[in-house]
Structure formats: C-alpha cells, structure tokens
Amino acid sequence: TAAQLSLSSSGRLTIFGVSLLTNTNGVIYNVIGNNGAAYDSYNRMGDMGQDCSIFNPDLIIISLGTNEAFGSISDENFYNSIAKFVDDMRNFNENACILLTTPMECQKNGRINSNIKRLRDVIIQYAATNNIAVYDFYEIAGGYGASQKWYSNKLMGGDKIHNTSKGYNLHGTLLYD
C-alpha cells in the first residue's frame, strides 16, 4: 500500500505528526518528545490527552522528570504537574493503563544532580497514592553513582545527562524485559 501526501502553505505551517493506521491488530509505538520538555511543557499544550486518544491506547508510558531536575521546582509543584498531566491522559484515554518511569541519575556541572533522586521519590509517591504502576529506572540503572558507571561503559554521553545510542538501546531493552 502506498500513501502520498502533498502540502502547501501560504504562511507558516506546523505539523506535529503524521500517523498512517490500518484496521489490523498489532503494536503501535508512538513517541512524543521535545528537548527540554517537562510535565508543564505538555500541560501548557492542553490537548495531549485528546491527541493521544486517536490511537485508542492500551498503555501510555510517561517518561519525564529529568528536565525538571535542572530547575528549582518544589516537590509540591512537581507532584501537581504530574497529576495534571496524568488526569488529562485519563480523561481522554479512560481504558488505557498508565506507566510512569523515573529518570536515571545524571550529573550537573560534574556532580551528581541530587534533584533527580528527590523528584524520582515524588514520582513514586504520586504513583503509590494514585494506584499507578512505576518503572523505577533510577534503581534499575544502578541508583546512586550509576551515571559515572554508565559513562565509563560508554552508555552515557559526555554531558553525563543523555545516554549514548548504546545506552538508550539498553534502556529500551530493560523496559521491554
């Protein structure tokens, strides 16, 4: 089956994504991400839950929290940001299960970013309070000190924030397993 798409614009044109779906059963894997994005980034968009509903998802995996750790967000504000985002997803995707993931340790200015552990704990608290599953990648990746080990094994890039392709591949494999 072939598809052809033709677009024209007399002004600014923004495309947020294209999905070509069929009526066959199977897995649809859709990733939404923006550099520097945080829960509040998506909350400000205001229509993420509705946008996701076109896929009629069985599972929504939410992997956010690292970028908040580079700012000065309070635990309460972070908790409320998670709640707003999850509520939006649930409102439009009532049959979908939700899985929250925690960010792994990373570094800031050559030192372990202690905000990661603090915000990881908020994610776990929110999930426990709201009966949501959590994939605790912070612990699975090795907990405290993991960023240096991942970096030494070429799983984390030189910024000690982002994984290498080998690291992201391992991350995905661990989540899949």
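If exposed means no more than 15 neighbouring beta carbons inside 10 Å and the site is in a DSSP loop, what's the longest run of the chain without any exposed trypsin sites (Lys or Arg not before Pro)?
Counting at most 15 other Cβ atoms within 10 Å as exposed, the longest clean stretch of the chain is 13-153.
Among (i) 10.6; (ii) 11.8; (iii) 13.0, which one is mean projected area of the Cα convex hull in nm² computed from these coordinates?
Only one listed value fits the structure, namely (iii).
Out of every Cα-Cα pair in the stretch 1-45, what percent are more than 12 Å apart?
Values: 770 of 990 pairs.
The share of Cα pairs beyond 12 Å in the stretch 1-45 comes to 78 percent.
Quick one: among I61, I112, I32, which has the greatest mean-square fluctuation in a GNM of the chain with alpha-carbon springs under 10 angstrom?
Result: I32 has the largest fluctuation of those listed.
Only sites in a loop by DSSP and with at most 14 other Cβ atoms within 10 Å count here; which GluC sites (Glu not before Pro) in the stretch 12-100 make the cut?
E94
Quick one: helix 165-176 against the long Cα principal axis of the chain, what's the angle to the nearest 10°, folded into 0 to 90?
80 degrees
Pop the C-beta distance of N131 and L170 into the FRET formula with R0 = 25 Å and round what comes out to the nearest 0.05.
Working: r = 29 Å, r/R0 = 1.17.
Efficiency for this residue pair is about 0.30.
Residue separation times 0.36 nm, minus the C-alpha to C-alpha distance between N25 and R118: what's the value?
That pair, N25 and R118, stretches by 29.5 nm at full extension.
Only loop residues by DSSP count here, and only those with at most 15 other Cβ atoms within 10 Å; note down the chymotrypsin sites (Phe, Trp or Tyr not before Pro) in the stretch 23-105 that meet that.
Filter output for the stretch 23-105: Y29, F55.
Using helices alone, what [θ] at 222 nm do you get for the chain, with -39,500 (n - 2.57) per DSSP H run of 4 or more residues, divided over all residues and rounded to the nearest 500?
Taking each H run of at least 4 residues, the total per residue is -11500 deg cm²/dmol.
Hey, what angle do you get for helix 75-92 against the long axis of the chain, alpha-carbon based, 0 to 90 degrees rounded to 10?
It is inclined by approximately 20 degrees.
If all Cα-Cα distances of the stretch 84-177 are sorted into 5 Å bins from 0 onward, what percent lands in each bin, rounded to whole numbers?
All Cα pairs considered, the percentages come to 3, 13, 21, 21, 17, 13, 8, 4, 1.
Accessible area per residue of the stretch 68-126 at 1.4 Å probe, in Å²?
About 49 Å² of surface per residue is accessible.
I'd like the orientation of helix 114-129 relative to the chain: the angle between its Cα long axis and the longest Cα principal axis, in ° from 0 to 90, rounded to 10.
Approximately 60 degrees, to the nearest ten.
Give the separation of the Cα centroids, the stretch 21-73 to the stretch 82-115, in Å.
Taking the Cα centre of the stretch 82-115 as reference, the centre of the stretch 21-73 is 10 Å away.
The values are calculated or read from the model by the stated rules, or taken from the named source; none is laboratory data. Just so we're clear, the structure is a prediction, and the values are computed from it rather than from any experiment. All Cβ positions, glycine included, derive from the backbone under ideal geometry; neighbour counts span all protein chains shown. Only protein heavy atoms, including side chains, enter the accessible area calculation; ligands, DNA and RNA are left aside. Shrake-Rupley method; radii C 1.70, N 1.55, O 1.52, S 1.80 Å.
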